[in-house]
Amino acid sequence: MTTVAVVGGGVIGLSIAWRAARSGHVVTVHDPNPGSGASWVAGGMLAPLSEGWPGEDHVLSLGAASLDRWPGFADALRTETDVDVFTAEASLTVALDAADAADLRTVAEWVGERGHEMRLLSRAEIREFEPSLGPKVRLGLLAPTESSVDNRALVDALRTAATGAGVRFSDGAVHDLADLPDDQVVLAAGSASARLWPGLPVRPVKGEILRLRVRPGATPPPQRTIRASVHGRPAYLVPRHDGLVVGATQYEASDTQITVAGVRDLIADAETIFPALGEYELFEASAGLRPMTPDNLPLIGRLSDRVVAATGHGRNGVLLTPLTVDAVLAELGGRSLADAKYACPGRITEASVG
């Protein structure tokens, strides 16, 4: 019976641990505070199609393959925990000016040519779908197969499922993978992964988000995930059962302090999209560190005969979780997953690494 150490207890690490244990492995998760990092701060969008752009075929391929796996992944988790993690069906990207509208048409054409369903909406059609959006919205791009999940409900459900599957948890910090006695090690430590595997091209990128609660009498939040570019800054509003998550800033920084400028910009941009935002309670401002790679693709696969990487997911950790789980379980079984071929660590790691 193979023993597996999963280093990192975020959404990806917990998911791998749960499924590996269900597959018959003896699994231990090493994390001083599972679920407390970037997974706890995430927006929970599952939107690879809306983020598609010409030339980024590999990013789209990975994201779409994982999106296809999400219904089955969520069903299995619901069966074990009785928790439904979905918060919205479909996403709507809106344009506020002519340049943004041209970009939406480009995305719709390029993604549509690759066989994915997307639909351009006129101003009047947007009003039918989401009447509370602002008057500056002029064109929309609807992705009906995209969705979003409550990342915190997901973290809690995964920990419950992992515990139920027999996964053990160790709160001791791991300083050297060689110190772990297990047969196999899965490195899922997010932005900290490079400290445990020197030379691994993963760096921390800071992102701030806001959590807002609906106050009595306030306009209800949009039913779909809403995305836009405001003054050149990407913005999104993701529904929750009690309000909205608003994000997200992006800085090349390794601290998790909340900046005044970040909060100011997030509120101003979100209010342009959804004017009723000012009626809401500002419940929480938080920041996390996204694990980014040079080409914005994750690192999923073998680093050595003993170590498997599951890191570098950037802004798409929640989206890419089901695909990453399947790929890591395949590696633990001595195989590789074709859908994850573009995430192979060997594409950018140095030959001397490992």
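The values are calculated or read from the model by the stated rules, or taken from the named source; none is laboratory data. If you're wondering where the values come from, they're calculated on a predicted model, not measured in any experiment. Virtual Cβ from ideal backbone geometry, glycine too; neighbours counted across all protein chains shown. Remember, those area values only see protein heavy atoms, side chains included, never the ligands or the DNA or RNA. Shrake-Rupley method; radii C 1.70, N 1.55, O 1.52, S 1.80 Å.
Any residue in the stretch 278-300 that is in contact (Cβ under 8 Å) with a residue 12 or more places away in the chain and over 18 Å from V11 (Cβ atoms) sitting within a Cβ distance under 9 Å of a residue that is open to solvent by less than 20 Å² (accessible area, probe 1.4 Å) and of a type in the set (D, E, K, R)? List the pairs, counting only those 6 or more apart or interchain. From the stretch 278-300, the pairs are A285/E208.
Applying the set (1) outside any helix (DSSP H, G or I); (2) crowded, with 21+ Cβ neighbours inside 10 Å to A253 leaves exactly one unmet item: (2).
Each row is one residue, and each column tells you yes or no for (1) open to solvent by 10 Å² or more (accessible area, probe 1.4 Å); (2) at pLDDT 95 or above; (3) part of a loop (DSSP other than H, G, I, E, B); (4) among the basic types (K, R).
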{"residue": "L297", "(1), (2), (3), (4)": "yes, yes, yes, no"}
{"residue": "S304", "(1), (2), (3), (4)": "yes, yes, yes, no"}
{"residue": "A309", "(1), (2), (3), (4)": "no, yes, no, no"}
{"residue": "R315", "(1), (2), (3), (4)": "yes, no, no, yes"}
{"residue": "A330", "(1), (2), (3), (4)": "no, yes, no, no"}
{"residue": "R335", "(1), (2), (3), (4)": "yes, yes, yes, yes"}
{"residue": "K341", "(1), (2), (3), (4)": "yes, yes, no, yes"}
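The number of residues in the stretch 198-220 that are under 30 Å from G9 (Cβ atoms), out of contact with any Ser or Thr (no Cβ under 8 Å at 6 or more places or on another chain), at pLDDT 95 or above and open to solvent by 30 Å² or more (accessible area, probe 1.4 Å) comes to 1. Within the stretch 66-89, identify whether any single residue is modelled with pLDDT under 95 and farther than 23 Å from L297 by Cα, and answer yes or no. Looking for residues that are modelled with pLDDT under 95 and farther than 23 Å from L297 by Cα, one finds at least one in the stretch 66-89, hence yes.
Residues that are within 18 Å of L133 (Cα to Cα) number at least 1 in the following strands (runs of 3 or more DSSP E) confined to the stretch 167-246: 203-213, 225-230, 233-240.
Has the stretch 170-178 got any residue that is of a type in the set (A, V, I, L, M, F, W, C), at pLDDT below 95 and open to solvent by 30 Å² or more (accessible area, probe 1.4 Å)?
Checking the stretch 170-178: at least one residue is of a type in the set (A, V, I, L, M, F, W, C), at pLDDT below 95 and open to solvent by 30 Å² or more (accessible area, probe 1.4 Å).
All of A235, A268, A261 fail the test of being of a type in the set (A, V, I, L, M) and open to solvent by less than 20 Å² (accessible area, probe 1.4 Å), apart from A235. Cβ-Cβ contacts under 6 Å between residues 6 or more apart (or on different chains), taken from a first residue in the stretch 95-117 that is within 18 Å of I226 (Cα to Cα) to a second residue that is assigned to a helix (DSSP H, G or I) and of a type in the set (A, V, I, L, M, F, W, C), are listed as A95/A101; A95/L104. All of D305, D265 fail the test of being of a type outside the set (A, V, I, L, M) and out of contact with any strand residue (DSSP E or B) (no Cβ under 8 Å at 6 or more places or on another chain), apart from D305.
Checking the stated criteria, S132 turns out not to satisfy the condition of being surrounded by 15 or more Cβ atoms within 10 Å (Cβ to Cβ), among the polar types (S, T, N, Q) and under 23 Å from V325 (Cβ atoms).
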